[in-house]
Amino acid sequence: MKYLKFPILLLLGTFLFITSCSDNNDDSDDSDDSSDGSSSSGGVTPLSAFDEFNPDAVTISFDGDDITIESNGLPNHTSPYWAPTEPLYIEPVVALALTPGGIGSRGLTVTVPAEPEIAASSTATGLGAIGISVTGVPIFNDLEGDNRPIEEVIAETFDYAGAHNGPSGYHYHIESSDVPENTTLSHDDEKLIGILADGFLLYGRREMDNSYPADLDVSGGHYGETQHSDGEKFYHYHIINEFYFDDVIALFAVDLQGTPNTIM
Ligand SMILES: [Zn+2]
Ligand SMILES: [Zn+2]
């Protein structure tokens, strides 16, 4: 062991020399980057928004600068994806075909800053949960597990909630349908949809005055008030009022403007 120490130290010394050299080269670039496009505050997320979350599924913890959202993934609305023995099971209303499996309990957790920031550059969302909805069900983007966009044959598997089941469980892709069975979920209104991985809230297509926001950025976001913010402006997303195809409206098929936190 003693005998090996010298070459290891020598290697370590060489490594440090190389990295410090390259660090010096990068330093000027780094400082340029941060002065060109530093992040900016999106404002304080209004805490009353978290009252909208389904307390049977979602636990919210406030810890100073951070908010942790934990969910068991079990929605508080009816679906054909519930087991037929469950009280919230219904026959399909809009789904023409169901994906295999059904609604089951699982653990989803994300910790986000209480004052999330707009990042210097936007970030594409990936497969899996990109946010947690007010019902506790995870929000997915517009891609299926094999990275193909939602298409008609996939949309036929969505229940009225805009959800279907996948290998990781029951999840939402699209805005819910305007059917009598839908008594809770946002459809062409101002309701809160949930919180995305970058800590920004996602609302329905409309503002609280029932208008469609006209100043949205490419991600459907803007600074403004909501029914939760008590007159304060903060950055939030809306479902973009555009058909993905036919009457399908994706919940979030764009890039995140903040820095995504891992949803575990
Ligand atoms: Zn899916
Ligand atoms: Zn708004």
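Read-outs throughout are calculated quantities, based only on the coordinates presented, and are distinct from any laboratory measurement. All of these numbers come straight from a predicted model, not from anything done at the bench. Cβ sites come from the backbone with ideal geometry, for glycine too, and all protein chains shown count toward neighbours.
Does anyone have the angle between helix 2-36 and the longest principal axis of the chain? Alpha-carbon axes, 0 to 90°, nearest 10?
Tilt relative to the chain: about 60 degrees.
Only loop residues by DSSP count here, and only those with at most 10 other Cβ atoms within 10 Å; note down the GluC sites (Glu not before Pro) in segment 179-264 that meet that.
For GluC sites (Glu not before Pro) across segment 179-264 that sit outside H, G, I, E and B with at most 10 neighbouring Cβ atoms in 10 Å, the list reads Glu242.
Taking amide hydrogens as modeled 1.01 Å from N in the peptide plane, which residues meet the under 5 Å criterion relative to Asp66, leaving out close sequence neighbours?
Amide H to amide H, under 5 Å and 5 or more residues apart or across chains, Asp66 pairs with Ala114.
Do you know the relative contact order of the chain, to the nearest whole percent, from alpha carbon pairs under 8 angstrom that are 6+ apart?
RCO, the chain: 20 percent.
Given labels modelled 7 Å from the Cα in the Cβ direction, how far is it in nm from Glu232 to Val179?
3.9 nm
Counting alpha carbon pairs within less than 8 Å and at least 6 residues apart, what relative contact order, in whole percent, applies to segment 41-129?
In percent, rounded to a whole number, it is 36.
Compute the FRET efficiency between Asn72 and Ser48 as 1/(1 + (r/R0)^6), taking r as their Cβ-Cβ distance and R0 = 22 Å, and round to the nearest 0.05.
Rounded to the nearest 0.05, the efficiency is 0.45.
In whole Hz, what ³J(HN,Hα) sequence does segment 206-223 give by Karplus (6.51, -1.76, 1.60; θ = phi - 60°), x for Gly and Pro?
Karplus-based 3J(HN,Hα) across segment 206-223 equals 10, 7, 5, 8, 6, 7, 8, x, 9, 10, 6, 7, 5, 9, x, x, 6, 8 Hz.
For the chain, I need the span (max minus min coordinate) of the C-alpha atoms along each principal axis, in Å, sorted largest to smallest.
Cα spread of the chain along its principal axes, largest to smallest: 74, 48, 36 Å.
I want to check the label-to-label distance for Arg148 and Ser61. Put each point 7 Å from Cα in the C-beta direction and report it in nm to one decimal.
The modelled label-to-label distance comes out at 4.1 nm.
Rank by packing, highest mean first: peptides 165-174, 136-145, with packing defined as the count of other Cβ atoms within 10 Å averaged across residues.
The densest-packed peptide leads the list: 136-145, 165-174.
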